[in-house]
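To keep things clear, I will list the structure first and then write my remarks on it.
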Amino acid sequence: LTIVIEDDGSGIDWATVRDAETRSALAPISNSLRSRIAAYYSIPVVISLKASRRGVFALTREEGAYKVKLIHRDGSFQGLMDSRDLGDDILIKYVHPDPDGDRYALNYSYAGSDKGYTDLMDTDSGEQFDRLEGVTNDVTWLDDDRFYYVRSYRETATPDGVKPPTSRVFLRDGGQDEMVYGSGVPTSHGLSMGESLHSEKALLVMSYGWHRSTAIAGELASPDSWEKIYGGNDFLAYPIDRVRGKYLVASFEGNGWGQVLSIDDAGSVETVLGEGKEVLQGVISTADNLVSIYMVDASSIVRRHDLEGHLIDQFDFEAPGSVSSLTTDGSDFFFKYQSFTTPHRVYRLGEDGLNLLTSEDAPGDFDINDLWSTSKDGTRVHSFLVKKKGVKPVKALLYGYGGFSIPLTPVYFPSAIPLLEDGGAFIYANLRGGTENGEEWHRAGMRDRKQNVFDDFISVIEKLREEGSTVVVTGRSNGGLLVGATMTQRPEILDGAVIGYPVLDMARFHELLIGKAWVPEYGNPEDPKDVEFLSRYSPYHNVRRGTGYPPTLLFTGLHDDRVHPAHALKFAALLEDHGHKSFLRVETKSGHAGATPETKISEEADVLAFVYQSLSLSKDV
């Protein structure tokens, strides 16, 4: 990905100079923090799990690399792949085995780009037998050399002539591709695909944005039979599985908290798990049981029901945390848990109850507390406050996102641990725009209601300041937009702003890379009615000369092919033109999906150095 700011090439030279200045200025603190961050990065982290009859395929980050391992039922590991064997600066993003575990799809890219490769691997021999290029997902196996996959179109039109971004389903047969589903699916719509574990059925989702989707299913071997089974209106729906002659579907109609429905071939619908006041995060099925993840105050609990919806058991965790990668081999269930200082725990849930297979914890004694604030319109906003036990923190780093239905549940941040050790606090805010309180919480932060997200964030900042803290705010991607809007609206309440891989120009985001995919969430800059609210908060269009903006760090990566680096670069240039010189860090080996541990440690050390400098926090506590 080549970034050209000006025709004569001076723009990239300017960015390179600014990057060098930033790294040099932050180096004295960054160099002392790097080894500490690296120590917490060295603790193994399980990124994702996918079960097969052979065992659970785990993608991990450890020993400075990304690895694929097979976890056997007794908890022992078998190594399958190391990212370093694929080349330098390679990021493995997902692994997907066939139901028997004899083959698996391995998706990876250079420097965290979305565009990369999917290698089809033989588990026993370790040999690659096929390869896909581009942005590909959702490999669904048919037999030894045939499988479906979903291809995302981001730069060129689809074979049926639809402009990007959108996606199509292909059959791969003996190395040849045939488009088999998705003809006519419009721009800004996407497809995802899986298969039933219990019957020969294809399970698909067609989505528009992050608030509307349709559940689709049919005979696995016959794409002509794939048709809508539920949804298609203004709510989310996706198929879970086909069990006992009926489809199980997760639906988020009504109040949007989530329910599980059973649908027969005649279209008759019955409720298996009704909607409550807890958010359904995920659900899967065996032939006899359902296991679901629910979210309460942005923390996960796990429940097991029979197929009639009767509760069998429930599992809570001693510290607020996130449960994800829920998967099954057809008899047992597997999932991972993590929290702010717990990199991972992997559990097996079977007839004998819940069993811990593997776990890692960061050393130290920390508290996770609830923090509540009140937004401008009276809405109560929950945040997690993490600190060292016995410490009253007065130096706070606040992280937010607030969009795209993404709830901020507790996750492990290696670079936050030194901050906690040195007496600072890490705050994780559950703003509108996510789904911490259901789909309505998400919709309250979309489009013309986006200002609610910024008001929620401001309420957390003001709460922390009332309690005597200095506050630096940070966010990445849509969270970078959050920080940019907060900084331009209320600069006086911030002691520092950290803006990572951001969306900042709300007049042109749809013209850069896959920005059109975000129109359902943000609004359409080509619609005059939408321009009214987009222009009110667009950070790039609300920088004012003579305003006392807080110390600011913008950081991005030149391999970001999702959110164009130009957002960060032009915002830094505009701030400088208006008399406010920010720090700008431009990573050459990183993309939106991430980077190698070595690159991330370097980036996060510089970011944390800026936070320490802005908070006047001593690194020697």
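The values are calculated or read from the model by the stated rules, or taken from the named source; none is laboratory data. Everything quoted here is computed from the prediction, not taken from an experiment. Neighbour counts run over all protein chains shown; Cβ positions are idealised from the backbone, glycine included. For the accessible areas, the whole protein counts, side chains as well, though only heavy atoms, and no ligand, DNA or RNA atoms are used. Shrake-Rupley method; radii C 1.70, N 1.55, O 1.52, S 1.80 Å.
What's the local net charge at residue 353, with K and R +1, D and E -1, over the other residues with C-beta under 13 Å away? Kindly include the intermediate steps, with their values, before the conclusion.
Details: positive: 304, 348; negative: 313, 332, 351, 352.
My count for the surroundings of residue 353 gives -2.
If packing is taken as the mean number of other Cβ atoms within 10 Å per residue, what is the order of 87-100, 350-363, highest first?
So the peptides 87-100, 350-363, ranked by packing, come out 87-100, 350-363.
Tell me, what are the semi-axes, in whole angstrom and largest first, of the equivalent ellipsoid of the chain as set by the roots of 5 times the Cα gyration tensor eigenvalues? Please list the in-between numbers first.
Working: eigenvalues 281, 150, 133 Å².
Semi-axis lengths for the chain are 38, 27, 26 Å.
So which aspartates and glutamates pass the test for residue 589, namely a Cα distance under 16 Å, with those fewer than 8 places away in the same chain ruled out?
19, 88, 89, 114, 560, 561, 598, 603, 604, 606
Between residue 27 and residue 577, how high is the FRET efficiency from 1/(1 + (r/R0)^6) when r is the Cβ-Cβ distance and R₀ = 25 Å? Nearest 0.05.
0.40
Short version: ³J(HN,Hα) in whole Hz for each residue of the range 74-88, in order, from phi by Karplus 6.51 cos²θ - 1.76 cosθ + 1.60 (θ = phi - 60°), x for Gly and Pro, what are they?
8, x, 6, 10, 10, x, 10, 7, 10, 4, 5, 6, 9, x, 7
With a 1.4 Å probe and every protein chain left in place, work out the accessible area per residue of the chain in Å², rounded to a whole number.
Numbers: 23310 Å² over 621 residues.
On a per-residue basis, the chain sits at 38 Å².
Please report the relative contact order for the range 61-209, taking Cα pairs under 8 Å with a sequence separation of at least 6, and give it as a percent rounded to a whole number. Mind dumping the intermediate values first?
Numbers: 306 pairs, mean separation 17.3, N = 149.
Relative contact order comes out at 12 percent.
Give the whole-number value, in cubic angstrom per residue, of the convex hull volume spanned by the C-alpha atoms of the range 107-209. Intermediate results must be reported in sequence, preceding the final value.
Values: hull volume 12.2 nm³, N = 103.
Dividing the Cα hull volume of the range 107-209 by its residue count gives 118 Å³.
Out of all Cα-Cα pairs in the range 298-432, roughly what percent, to the nearest whole number, are more than 18 Å apart?
Working: 5486 of 9045 pairs.
Across the range 298-432, Cα pairs with separations above 18 Å total 61 percent.
To test your reading of the geometry: what angle, between 0 and 90 degrees and rounded to tens, separates the Cα axis of helix 597-615 from the longest principal axis of the chain?
In the chain, helix 597-615 runs at an angle near 40 degrees to the longest axis.
What is the extension gain from residue 391 to residue 72, computed as 0.36 nm multiplied by their sequence separation minus the C-alpha to C-alpha distance, in nm to one decimal?
On the way: separation 319, 0.36 × 319 = 114.84 nm, distance 4.18 nm.
Full extension of this stretch gives 110.7 nm more.
Among the DSSP beta bridges whose two residues both lie in the chain, what percent are antiparallel, rounded to the nearest 5?
Working: 140 of 164 bridges.
The antiparallel fraction comes to roughly 85 percent.
Carbon-plus-sulfur fraction of the accessible area of the chain, 1.4 Å probe, in percent?
Details: 10670 of 23310 Å².
Summing carbon and sulfur atoms, their accessible area is 46 percent of the total for the chain.
Please report how far the C-alpha centroid of the range 174-193 lies from that of the range 139-165, rounded to the nearest whole angstrom.
Comparing the Cα centres of the range 174-193 and the range 139-165, I get a distance of 5 Å.
List the pairs from 93/600; 67/600; 516/581; 93/570; 516/570 whose alpha-carbon separation is above 24 Å, in the order I gave them. Could the numbers behind the result be given before it?
Values: 93/600 15 Å; 67/600 16 Å; 516/581 31 Å; 93/570 29 Å; 516/570 20 Å.
Correct reply: 516/581; 93/570.
Highest first, please rank the peptides 204-212, 377-385 by the mean number of other Cβ atoms sitting within 10 Å of their residues. Intermediate values should be presented prior to the final figure.
Values: 204-212: 20.7, 377-385: 17.7.
Highest mean packing first, the order is 204-212, 377-385.
Considering amide H positions built from the backbone, and no H for Pro or chain starts, which residues 5 or more places from residue 403, or on another chain, come under 5 Å of its amide H?
Sorted by chain and number, the residues that satisfy this are 434.
Please get the size of the charge dipole for the range 327-385, origin at its Cα centre, with Cβ charges of +1 on Lys and Arg and -1 on Asp and Glu, quoted in debye to the nearest 20. Walk me through the numbers before you get to the answer.
Details: 5 positive and 10 negative charges, 63 e Å.
Taking the Cα centre of the range 327-385 as origin, the dipole is about 300 debye.
Compare the peptides 531-542, 126-137, 290-301 by average per-residue count of other Cβ atoms within 10 angstrom and give them in order, highest first.
On the way: 531-542: 17.8, 126-137: 15.2, 290-301: 21.1.
Descending mean neighbour count gives 290-301, 531-542, 126-137.
Mind listing P(r) for the range 50-138? All alpha-carbon pairs, 5 Å bins, whole percents.
3, 15, 26, 27, 18, 8, 2, 0
Relative contact order for the chain using alpha-carbon pairs under 8 Å, separation at least 6, rounded to a whole percent?
Working: 1572 pairs, mean separation 77.4, N = 621.
In percent, rounded to a whole number, it is 12.
List, in order, the whole-Hz ³J(HN,Hα) value for each residue of the range 368-373 obtained from phi through the Karplus relation with A = 6.51, B = -1.76, C = 1.60 and θ = phi - 60°; use x for Gly and Pro.
Whole-Hz 3J(HN,Hα) from phi for the range 368-373: 10, 10, 8, 10, 10, 9.
Express in whole angstrom the spacing between the alpha-carbon centres of the range 259-323 and the range 551-621.
Each part reduced to its Cα centre gives a spacing of 40 Å.
With runs of 4+ DSSP H residues as the only contributors, calculate the mean residue ellipticity of the chain at 222 nm using -39,500 (n - 2.57) per run, divided by the residue total and rounded to the nearest 500.
Details: 9 runs with 116 residues, N = 621.
Mean residue ellipticity at 222 nm (helix-derived): -6000 deg cm²/dmol.
Counting only other residues whose beta carbon sits under 15 Å from that of residue 313, what net charge do I get with K and R as +1, D and E as -1? Intermediate results must be reported in sequence, preceding the final value.
Working: positive: 303, 304, 348; negative: 288, 306, 316, 332, 351, 352.
Spelling it out: positives minus negatives among the neighbours equals -3.
With a 1.4 Å probe and all protein chains kept in place, how do 335, 366 rank by accessible area, largest first?
Working: 335 0, 366 35 Å².
Ranked from most to least accessible, the order is 366, 335.
Considering the options 416, 243, 473, tell which one lies farthest towards the positive end of the dipole of the chain, charges being +1 on Lys and Arg and -1 on Asp and Glu at the Cβ, about the Cα centre.
473
For the chain, take the longest principal axis of its alpha carbons; what is the angle in degrees between that and the long axis of helix 566-577, to the nearest 10 within 0 to 90?
10 degrees
How far is helix 451-466 tilted off the main Cα axis of the chain, in degrees rounded to 10, range 0 to 90?
60 degrees
What are the residues whose amide H is under 5 Å from the amide H of residue 555, where those residues sit 5 or more places off or on another chain and H is modelled from the backbone?
499, 500, 501, 585
Please enumerate, by chain and number, the lysines with C-alpha under 16 Å from the C-alpha of residue 395, excluding those fewer than 8 residues away in the same chain.
387, 463, 619
What is the calculated FRET efficiency for residue 360 to residue 221, with r their C-beta to C-beta distance and R₀ = 45 Å, to the nearest 0.05? Walk me through the intermediate numbers first.
Numbers: r = 42 Å, r/R0 = 0.94.
Working from the Cβ atoms, E equals 0.60.
How many angstrom lie between the C-alpha centres of the range 526-540 and the range 395-434?
Rounded to whole Å, the Cα centres lie 28 Å apart.
What FRET efficiency do you get for residue 179 and residue 122 if R0 is 22 Å and r is their Cβ-Cβ distance, rounded to the nearest 0.05? Each step should come with its number before you reach the end.
Values: r = 26 Å, r/R0 = 1.20.
So the FRET efficiency works out to roughly 0.25.
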